[in-house]
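Below is one structure, written out as structure tokens; comments come after it.
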Amino acid sequence: KAMKYMASNRTQLTKALLFSVISTLLWLIGSYFSFISVFTSIGFLEVVSVMMAGTLVGMLPILPGGLGPTEAVNTLLFVTLGITAGSATAGVLAMRFVTFWIPTIIGLAIGIYFALNRDKFNIEDLITKYKGKGG
């Protein structure tokens, strides 16, 4: 029901697209700042290129978040850009902590909260309530 509602409501679809673009930009900016905290002489577009390539490779395995292959590819690509292996590894691990582990922990806590308060957060009730307000 929620997916049909979202697909049929252009306003909600536009909002979702906007939030998706904003969250991706924040992810890339977070990646950039976490990497330059370890190694300062790298450009934003280089970090974006490496992160996108690592994300594509990370989609192949079944592991959540592409754990393992993503870090390996990102480290390898940073090394090919002329960064030492130690700095590349430290930067990739810092990026991964900021962009994967912190949001995962926050999401886990929110998921547990919603699971424990399931009666308060019924999606059908929320959609009906939202539709009633002219949304």
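Considering only the range 26-51, how many residues are in a helix (DSSP H, G or I) and surrounded by 11 or more Cβ atoms within 10 Å (Cβ to Cβ)?
The initial filter retains those residues of the range 26-51 that are in a helix (DSSP H, G or I), namely 26-36, 44-51.
Okay, now just the ones that are also surrounded by 11 or more Cβ atoms within 10 Å (Cβ to Cβ), so 26-36, 44, 46-51.
So the count comes out to 18.
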Review point. For the range 8-25, which residues satisfy the criterion of being charged (D, E, K, R) and surrounded by 10 or more Cβ atoms within 10 Å (Cβ to Cβ)?
Key: K15
Revision key, fill the gap. Within the range 59-111, the residues that are open to solvent by 60 Å² or more (accessible area, probe 1.4 Å), over 22 Å from T24 (Cα atoms) and not in a helix (DSSP H, G or I) are L81, G82, T84
Point to revise | Contacts under 9 angstrom Cβ, first residue in the range 103-128 being within 20 Å of N9 (Cβ to Cβ) and at pLDDT below 70, partner outside any helix (DSSP H, G or I) and open to solvent by 90 Å² or more (accessible area, probe 1.4 Å), 6 or more apart | key: I123/K1
Review point. Got a number for residues in the range 79-102 being under 17 Å from V48 (Cα atoms) and without any contact (Cβ under 8 Å) to a residue 40 or more places away in the chain?
Key: 8
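Could you please let me know if A2 is crowded, with 16+ Cβ neighbours inside 10 Å and in contact (Cβ under 8 Å) with a residue 40 or more places away in the chain?
Numbers: crowded, with 16+ Cβ neighbours inside 10 Å: no; in contact (Cβ under 8 Å) with a residue 40 or more places away in the chain: yes.
No: the conditions fail for A2.
The values are calculated or read from the model by the stated rules, or taken from the named source; none is laboratory data. If you're wondering where the values come from, they're calculated on a predicted model, not measured in any experiment. Cβ: placed from backbone, ideal geometry, glycine included. Neighbour counts: every protein chain shown. Remember, those area values only see protein heavy atoms, side chains included, never the ligands or the DNA or RNA. Shrake-Rupley method; radii C 1.70, N 1.55, O 1.52, S 1.80 Å.
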